[in-house]
Amino acid sequence: MTSTPAEAQHLRDLAWLRRVRDRIDREYPQPLDVEALARGAHMSAGHLSRQFRLAYGESPYGYLMTRRIERAMALLRRGDLSVTEVCFAVGCSSLGTFSTRFTELVGVPPSVYRREATRATAGMPPCVAKQVTRPIRNREAPAGSLP
């Protein structure tokens with residue numbers, strides 16, 4: 001069975017998109033922007049954004065921020081770092097942007113999450129706590145809800 005040039009290009013694009021997603025997963029605390037990710041995938045930033053959204057349901061930046069918030073949730077549950085320290089540890093350079101995005105995904109500000117999640121997951125194995133407290137992708141959390 002032979003494929004058309006368009007199908008072959010689509011498969012190559014999907015392989016590059018997986019590499020971009022894997023890079024975001026590995027390098028989330030590093031300064032990453034769509035332009036740099038697109039250069040690494042041999043695509044324009046616009047094409048990468050469109051194709052990434054089609055493949056994964058959100059933009060590369062949205063995926064990066066979700067990954068950072070997931071890691072921030074784990075660090076906040078530990079309770080030994082301040083919200084500011086966690087913000088910078090996960091690669092965010094703006095405490096305001098971090099707090100806003102955290103609240104959108106989790107439903108409560110990071111300071112509230114830090115205070116209450118420690119109690120909510122006490123005695124729970126970390127692998128279970130991670131699954132139970134995972135942020136909601138592609139839709140906002142209900143206000144005031146603690147996972």
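Quick notes
- Farthest towards the positive end of the charge dipole of the range 1-123, among the residues G91, P60, L75, is the Cα of L75, using unit charges on the Cβ of Lys, Arg, Asp and Glu.
- Charge tally for F88 (other residues, Cβ to Cβ under 13 Å; Lys, Arg +1; Asp, Glu -1): +1.
- Taken about its Cα centre, the range 1-56 carries a charge dipole of roughly 60 debye when the Cβ of each Lys and Arg holds +1 and the Cβ of each Asp and Glu holds -1.
- Within-14-Å neighbourhood charge of R50 [Cβ basis; K, R +1; D, E -1]: -1
- Alpha carbon centroid spacing (whole Å) that separates the range 1-36 from the range 42-115: 20
Coordinate-derived values only; no laboratory data. All figures in this text were calculated on a predicted structure; none of them were measured in a lab. Glycine gets a Cβ as well: all are built from the backbone with ideal geometry, and neighbour counts include every protein chain shown.
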